[in-house]
1. In region 43-90, which residue that is more than 30 Å from residue 185 (Cβ to Cβ) and touching a Leu at 6+ places or on another chain (Cβ under 6 Å) is most open to solvent (accessible area, probe 1.4 Å)?
2. Quick one: which residue in 155, 191, 196 is closer than 29 Å to residue 84 by Cα and not polar (S, T, N, Q)?
3. Name the residues in region 412-457 that are more than 7 Å from the ligand (Cβ to nearest atom), within 30 Å of residue 320 (Cα to Cα) and of a type in the set (A, V, I, L, M, F, W, C), would you?
4. Would it be correct to say that residue 394 is farther than 25 Å from residue 258 by Cα and open to solvent by 60 Å² or more (accessible area, probe 1.4 Å)?
5. Quick check, is residue 477 more than 10 Å from the ligand (Cβ to nearest atom) and surrounded by 17 or more Cβ atoms within 10 Å (Cβ to Cβ)?
6. Collect the residues in region 231-258 that are in contact (Cβ under 8 Å) with a residue 40 or more places away in the chain and among the charged types (D, E, K, R), keeping them in residue-number order.
7. Please enumerate the residues belonging to region 149-164 that are open to solvent by 30 Å² or more (accessible area, probe 1.4 Å) and under 17 Å from residue 64 (Cα atoms).
8. Quick one: residue 207 ticks every box in (1) modelled with pLDDT under 90; (2) open to solvent by 40 Å² or more (accessible area, probe 1.4 Å); (3) within 30 Å of residue 51 (Cα to Cα); (4) charged (D, E, K, R) except a single one, so which number is it?
Amino acid sequence: MIPSHELAFSRRRLTPVQIGLLIFIAILFLANATLAIGAFVNINATNDAFAGGYLVTDLSKIQREILRLHLDTQQYLLDDEMSIDALRLRRSLLETQIRQAIGEISGNVQVLDSINEMEAELVQFDRLLADLAIDPSPERRQAAVPEFEVMFERLELEIISTTNREDARLFETIGNALNSQRNYQTFLLTLSSLFLISIILLILSFRQTIGLDFDRAYSLLSQELSERKRIEVELVSARNEAEKANQAKSEFISLVSHELKVPMTSIQGYADLLLDGAGGPVSEDQKRFLNTIRGSISQMVRLVSDLSDISRIESGHLDLEFDRIPVGMLLDQVASANMAAINEKNQDLVIEVPDELPPIWGDQMRLVQIMNNLVSNAHKYTPENGTIKIRAEEDDLSEAGERSMIQITVEDSGLGIHPDEQAQIFGKFYRATDEEARINPGTGLGLSITRYLVEMHEGHIWFESIFRKGTQFHFTIPIFQQEND
Ligand code: ADP
């Protein structure tokens, strides 16, 4: 047997490979995230490096302004085509350019030093120009040429070397930044590929686990199926056994009842003969004893025939012989069979049957048995001087498209059945616990046989009872119709 708690899809643990892969994936994820942050920071550094380009541009602008100032100065000194004011304007343009470069320097000491150098040279320029403003004669200007040239040479050397140095530095910084950017990208690409491969491996491994689970579920299912088949086979054979045992029991009961009936009939017959005086005069005491024997024997006869009926009903061997039965005749037969007992308890028996009641369709002997059971119960469970009524009436159901029935009621003014026990009353061997009812002998089989017999006639049986007031049993039997013949 497969234990019910065993699940086909177990909540299985992760395999060591899966745990390893998960850890690896987690590490890769962290590494990827760190690298991505690094790459982002590095992009900023690269941007900063490119920003260094502004300074180089400013320096080259200074260089261009110095050259222009140089040319304009030469023109002023040699050709007299340039005014001193125009030269001063050019000088101020250079100054503006220098101020702009200083704004871009941001801590570059070397550039700041060279700008200071240049500013010092320009102080020299301003001084020479101031001298010329005082004496701008051609001779004086001619004489100032060498001084200006030396100054411009130093100025130009300074700016060229500074620009070149900054150029080289800028290229190096940008190169480095781009290099590390490329490294970051290579790393990121490698780690991402590893990440992807690990996830694919993990998925494959899960798929394999799920596949194993399916195999397991399949084998559990087939085990369960074969187990069920085995149980089914066992059940069939158990049912066969039970049927055989039941059959044997029925055969045994019918054999025993037959064997008992013969001696019981003879005991009853001899008791009757003795009571009739066939064996000589009988004293009062002997009469009492003989009556007790007769009473006990009829109880035994009843019990034996009830047992044999139950066993035949259960084994499906009880057959009915259907015939057309006049209800009045049936009730007379029942009344005369029970009359002696009813008179003994001084009870009244009232029979109400309409004259023109149609005949019913049933087995005469079994219908008498049904009625006898109900009337003898009414008699048994009704105290002395009580009343028993038997009524028959037609239930015309033809309009409702159903078979018309005769409803027969056996009513008594007896002990009644306690509401708590009414549901069980038709059960096999059931007898009410009511002490007063139990004084009467009984087997608890009568009503269950009666119900079987009524239903075999395609009728219904039911009752209403008020405890200590009385009971009404009703049952229906189909009316005889021409086509029944
Ligand atoms: P029994 O052989 O005990 O009479 P029955 O199957 O005929 O068996 O009846 C089952 C029980 O139903 C009886 O033991 C009795 O307690 C109760 N019973 C049946 N008919 C009546 C009735 N007319 N009035 C009161 N109780 C009844």
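1. Per the criteria, the residue is 90.
2. None of the other options fit; the residue is 155.
3. 423, 426, 429, 449, 453, 454, 456
4. Judged against the criteria, residue 394 is a match.
5. yes
6. 249
7. Scanning region 149-164 gives 149, 153, 154, 156, 157, 158, 160, 161, 164.
8. Result: residue 207 passes all but (3).
The values are calculated or read from the model by the stated rules, or taken from the named source; none is laboratory data. Predicted model only: the values in this text are computed from it and were never measured. Cβ atoms come from the backbone with ideal geometry, glycine included; neighbour counts cover every protein chain shown. These accessible areas exclude ligands, DNA and RNA; they are computed on the full protein's heavy atoms, side chains included. Shrake-Rupley method; radii C 1.70, N 1.55, O 1.52, S 1.80 Å.
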